[in-house]
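Engineer: This is the structure I want to talk about, given as structure tokens.
The values are calculated or read from the model by the stated rules, or taken from the named source; none is laboratory data. What you see is a predicted model; the values in this text were computed from it and never measured. Here the Cβ positions follow ideal geometry from the backbone for every residue, glycine too, while neighbour counts run over all protein chains shown. Side chains are part of the model used for accessible areas, which takes the heavy atoms of the whole protein and leaves out ligands, DNA and RNA. Shrake-Rupley method; radii C 1.70, N 1.55, O 1.52, S 1.80 Å.
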Amino acid sequence: MGAITNLDALALNLVGGDTVAPQRIWEMVSDRIVSGTAPTTSAPVATLPGRLTSLWMNATFPAGVSATPGAVAAPTSATAGSWPFTDPGGGRKLWLAGLSATVGNYSASANTAGMLILYDRLLHISGLSGTSTSAQTVGGSLTRYTDGVGNWIMGEVYTQIGATARNLTCSYTNSAASPASGRTSMQTVIGGTSNREANRAFIVNLGQGDTGVSAVASATIGVSTGTAGDWGINVIHPLCWVPIRYPGVLGIRDCVVTLPPVVEIKTGACLAWLWLPTSTPAPHMMTTAVLVER
Amino acid sequence: MAITNLADYKSAVATPHQGVAFSKGTSTARAGIWSSLFTVAFATGAAPGANAQCSYSTAGAINGYIDAATLNILGVESSGGFLSTTQTGGAFMLVDRLTHCSGLNATLNTEQAIGSVSLPRYTSGVGVMAAIEVYTLIGGSTTTGTLKYNNAAGTPVANLVSYQFGIGGNSGQQAQSIIPIGLASGDNGVTKAQSVTLTATTGTAGDFGVTLFKPLLLLNAAPFTDTKTVDMIVGMACQCAAVQTSACLTWLSLGYTTTAPSITGVLKLVEF
């Protein structure tokens, strides 16, 4: 139970002949950003080549977020902003068999290439300040990938912070067999041009020897960026990459006939997207995924 | 034909129950924006006017197949030019067009009502997307708008308001532009479109409307000189779209540049 054993099993499942029919889910992520009181959206902030963009605050179909995360929480598949699906039952598991996506742009009428990254958003908090110099509490507890293996710390800007670049460090618990708390991450730049704008995301590199994070105690800037803004810390587990190789071309991630192979979608996963662009037009995404339950 | 293993599947792809040829000629394209090929030759549809249900018989639908039981698209095959474009790259989306209307004015900032029409298929509304569709050029001034709709709850809730979408100018001005709409928090589909309200004028009245559709397939385009055959397991990332009885199948294309794409090929349909 809980595996796609061979192509015979896959073929049977995909045509609906297995215990549970596959889920074929769709999502449209517009390039407009949810801001203020519903139904207000704002034009997207231009992305930057080589800089991660979080699509968490984008207006979507099915419906997405209506506000920033606020107090620390462990989002699930029921959290507004998550790409919804039906959890597996009967002791079975859910597997991502294929993913197809397009990226366009409705604000500048332009195409762009880049990389889409599907991840499971395990924990998030917003309301951190770009001017606070003390350790800002993150806290919370993971409900998936609780051993921390393969989890990343990701910073995310919701309202632009200051123009002065500073060094961010996080205090965290790693993913060792006997997890060590009080670990300190490598310094990551926050604030300043390219690292302060809304929807920017950045990965906080872990301390030497660490390969995952099971908890984040706090985040410290140390010196003010100049503007409080609003930013936060997430713990994420990356799941799948979808390359958009040329502007306007469909990106296909076939998890069956290519490597890496099928990916498990955990029960309650909060599926969300990052975009790593090669140019500035903000992404307007259309995507579909096939989830196999075995 | 029962498909129980890989061999059965390969056999079904090689000899499907039906092959449906389709061909769409040139259209108006804008880079980065989806275009509806509904009003594009061949099998040319028209601006619908009053809100109406769409079906297999609607002018503009791909309907060269026997509309019997639910069919499944196992593959798309080249026949001398599959999904041809005149430039490298591009993407297409096959949708089941459910309801549509036109006649809305892109200079008005008052609520414009849409006649009440129920979904003919996917009647729960789950997974049904709403989009603005432009039939005649609207203005170059970009503004925003909202859609008032009934959602896909067990008992649909009326008078819900979508998140603002952009319209006009770079956000969709040309005829055939189609602008998908983000729904209000908690909603996963639309059962009825009620009205559209623009924030400001786009500058030109033009003609636009609201289309409700169920997305079925995302496919890549091949250069005109290339041929391509894809199936559910190889090349379609496990997509296998079910085509309901009386479906109004139409294509959307994602503009690569302003060069108009063309598209020809065969859908391989199998009953199981």
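Engineer: Go ahead and run the numbers for FRET between A:Ser218 and A:Ser194, Cβ-Cβ distance against an R0 of 25 Å, rounding to 0.05.
Structural biologist: 0.50
Engineer: If you don't mind, there's one more thing I want to ask. Calculated FRET efficiency, A:Thr40 and B:Ala242, Cβ-Cβ r, R0 45 Å, to nearest 0.05?
Structural biologist: For R0 = 45 Å, the calculated efficiency reads 0.75.
Engineer: Does the protein assembly as shown classify as rounded, prolate or oblate by the C-alpha gyration tensor (a ≥ b ≥ c root eigenvalues; a/c under 1.5 gives rounded; else a/b over b/c gives prolate, otherwise oblate)?
Structural biologist: Verdict is oblate for the protein assembly as shown.
Engineer: How big is the charge dipole of the range B:160-272 about its Cα centre, in debye rounded to the nearest 20, if each Lys and Arg gets +1 on its Cβ and each Asp and Glu gets -1 on its Cβ?
Structural biologist: Charge dipole of the range B:160-272: 60 debye, to the nearest 20.
Engineer: At 222 nm, what value in deg cm²/dmol follows for chain A if DSSP H runs of at least 4 each add -39500 (n - 2.57) and the sum is divided by all its residues, to the nearest 500?
Structural biologist: -500 deg cm²/dmol
Engineer: A further question follows. Could you give the size of the charge dipole of the range B:42-169 about its Cα centre, using +1 on the Cβ of each K and R and -1 on the Cβ of each D and E, expressed in debye and rounded to the nearest 20?
Structural biologist: Dipole of the range B:42-169, to the nearest 20 debye: 160 debye.
Engineer: Label the range A:101-239 by shape, choosing from rounded, prolate and oblate, from the square roots a ≥ b ≥ c of the eigenvalues of the Cα gyration tensor; if a/c is under 1.5 it is rounded, and otherwise prolate applies when a/b is larger than b/c, oblate when it is not.
Structural biologist: oblate
Engineer: I need the calculated FRET efficiency for the pair A:Thr211 and A:Ala3, taking r as the beta carbon distance and R₀ as 25 Å, to the nearest 0.05.
Structural biologist: The computed FRET efficiency comes out at 0.50.
Engineer: Taking the dipole about the Cα centre of chain B, with the C-beta of Lys and Arg at +1 and of Asp and Glu at -1, give me whichever of B:Ala184, B:His100, B:Ala68 is farthest to the positive side.
Structural biologist: B:Ala184
Engineer: Right, next: Could you pull the accessible area for B:Ser118 with a 1.4 Å probe, rounded to 10 Å²?
Structural biologist: The accessible area of B:Ser118 comes to roughly 60 Å².
Engineer: List the cysteines of chain B that have no other Cys Cβ closer than 4.7 Å: which are they?
Structural biologist: For chain B, the answer is B:Cys101, B:Cys238, B:Cys240, because their Cβ atoms have no other cysteine Cβ under 4.7 Å.
Engineer: Given a 1.4 Å probe and no ligands, DNA or RNA in the count, how much accessible surface is buried by A and B, both sides, to the nearest 100 Å²?
Structural biologist: Heavy-atom accessible area buried at this interface is about 4300 Å².
Engineer: For the protein assembly as shown, with only Lys/Arg (+1) and Asp/Glu (-1) charged at the beta-carbon, what is the dipole magnitude about the Cα centre, in debye rounded to 20?
Structural biologist: Charge dipole of the protein assembly as shown: 480 debye, to the nearest 20.
Engineer: Once every DSSP H run of n ≥ 4 in chain B is given -39500 (n - 2.57) and the sum is divided by its residues, what mean residue ellipticity at 222 nm do you get, rounded to the nearest 500 deg cm²/dmol?
Structural biologist: Value at 222 nm, helices only, nearest 500: -1000 deg cm²/dmol.
Engineer: When all alpha-carbon pairs of the range A:240-292 are counted, what percent fall beyond 14 Å?
Structural biologist: Across the range A:240-292, Cα pairs with separations above 14 Å total 62 percent.
Engineer: Can I ask one more? With each pseudo-label sitting 7 Å past Cα toward Cβ, what's the A:Thr258-B:Ser141 distance in nm, one decimal?
Structural biologist: Rounded to a tenth, the inter-label distance reads 4.5 nm.
Engineer: Taking the Cβ of B:Phe38 as the centre, find all other residues whose Cβ is under 11 Å away and add up their charges (Lys, Arg: +1; Asp, Glu: -1).
Structural biologist: Local net charge: +1.
Engineer: Ok, one more. Cα atoms only, the range B:108-240: Rg and Dmax in Å?
Structural biologist: Cα radius of gyration and Dmax of the range B:108-240 are 17.1, 51 Å respectively.
Engineer: Once both labels are modelled 7 Å past Cα along the beta-carbon direction, what's the B:Lys10-B:Glu111 spacing in nm?
Structural biologist: In this crude spin-label approximation the distance works out to 6.0 nm.
Engineer: Now for a separate question. Report the convex hull volume per residue for the range B:100-145, counting only C-alpha atoms, in Å³.
Structural biologist: Normalising the Cα hull of the range B:100-145 by residue number yields 108 Å³.
Engineer: Can I ask one more? Rank these by accessible area, largest first, 1.4 Å probe: B:Tyr56, B:Tyr65.
Structural biologist: B:Tyr56, B:Tyr65
Engineer: Over all distinct alpha-carbon pairs, what is the Kirkwood Rh of the range B:100-178 in angstrom?
Structural biologist: By the Kirkwood definition, the hydrodynamic radius is 13.9 Å.
Engineer: Rg (Å, one decimal) plus Dmax (Å, integer) for the alpha carbons of the range A:33-123?
Structural biologist: Every Cα atom of the range A:33-123 included, Rg and Dmax give 15.4, 47 Å.
Engineer: Averaged over A:36-45, how many beta carbons belonging to a partner chain fall within 10 Å of each residue's beta carbon?
Structural biologist: 4
Engineer: Which lysines have a Cα lying under 16 Å from the Cα of B:Lys148, excluding residues fewer than 8 positions away in the same chain?
Structural biologist: Within the straight-line limit of under 16 Å, B:Lys148 reaches these lysines: B:Lys192.
Engineer: While we're looking at this one, here's another question. Find out how many positive minus negative residues lie around B:Ser246, taking Lys and Arg as positive, Asp and Glu as negative, among other residues whose Cβ is under 11 Å from that of B:Ser246.
Structural biologist: Result for the neighbourhood of B:Ser246: -1.
Engineer: Using a 10 angstrom cutoff on alpha carbons, build the Gaussian network for chain B and name the most mobile of B:Asp96, B:Asp231, B:Asp67.
Structural biologist: The residue that fluctuates most here is B:Asp67.
Engineer: Also, I was wondering about something else. Which order do B:Lys10, A:Lys93, B:Lys148 take by accessible area at a 1.4 Å probe, largest first?
Structural biologist: B:Lys10, A:Lys93, B:Lys148
Engineer: Let me ask you something else. For a test of the definition: using alpha carbon positions, the gyration tensor, and the 1.5 limit on a/c, classify chain A as rounded, prolate or oblate.
Structural biologist: Taking the square roots of the gyration eigenvalues as a ≥ b ≥ c, chain A is oblate.
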